[in-house]
């Protein structure tokens with residue numbers, strides 16, 4: 001759960017994707033296009049990522065998803081045009097396809113059967129609070145440092161999560177690596 005909470009700090013509100021697109025010149029009437037691109041990438045990658053996690057192990061696929069988030073955040077940090085923002089937004093969507101279902105699967109895999117509902121509830125509570133905190137931090141960075149600071153902070157939290165996967169892999173050894 002701790003890794004999921006740190007990961008949630010890297011996953012501030014998707015509204016920042018819209019703001020980033022607008023900051024490089026996307027007209028407000030086209031702002032929802034950013035979420036469409038993200039959602040398409042998410043939808044197209046979720047099923048294959050789930051199949052891959054069943055075959056190769058959840059932690060390895062989760063690491064790919066985190067690498068996609070780091071890359072997406074770096075692209076969004078340096079973007080100066082709409083096309084580059086679109087690439088960053090698509091990478092965000094891909095990361096969601098590679099990670100969202102996997103955290104639920106990891107909870108189901110590791111929680112005792114009689115406590116799975118509680119485990120899901122606690123996980124969602126903690127990650128929800130972390131996303132709220134991440135969005136506040138992202139907004140403060142946006143206002144004080146610029147969009148670059150917001151997305152580089154997200155990349156940093158994603159890298160911290162990636163580093164924590166080694167410990168998770170060892171903990172799950174024999175269960176599912």
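Read-outs: derived from the displayed coordinates by stated rules, not from any lab. The structure presented is a predicted model; accordingly, all values stated were derived computationally and were not measured. Virtual Cβ from ideal backbone geometry, glycine too; neighbours counted across all protein chains shown.
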Most packed first (mean Cβ within 10 Å per residue), the peptides 31-44, 153-166 order as 153-166, 31-44
Taking the 0 to 90 degree range and rounding to the nearest ten, how far is the long axis of helix 82-110 tilted relative to the main principal axis of the chain, both from C-alpha atoms? 20
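As a test of the formula, what do you get for the chain when each DSSP H run with n ≥ 4 contributes -39,500 (n - 2.57) and the sum is divided by the residue count, at 222 nm and rounded to the nearest 500 deg cm²/dmol?
-29000 deg cm²/dmol
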Quick check: the angle from helix 147-171's long axis to the longest principal axis of the chain, C-alpha only, nearest 10 degrees? 10
Rounding to the nearest 10 and keeping the result within 0 to 90°, find how far the Cα-based axis of helix 116-144 lies from the longest principal axis of the chain. 20
Which order, highest average first, do 102-114, 80-92 follow once you tally other Cβ atoms within 10 Å for each residue and take the mean per peptide? 80-92, 102-114
What is the ratio of the Cα radius of gyration of the stretch 2-166 to 2.2 N^0.38 Å, where N is its residue count, to two decimals? 1.03
How high is the relative contact order of the chain? Use alpha-carbon pairs under 8 Å, at least six apart in sequence, and give a whole percent. 38
Which whole-angstrom value gives the distance between the alpha carbon centres of the stretch 98-151 and the stretch 34-93? 16
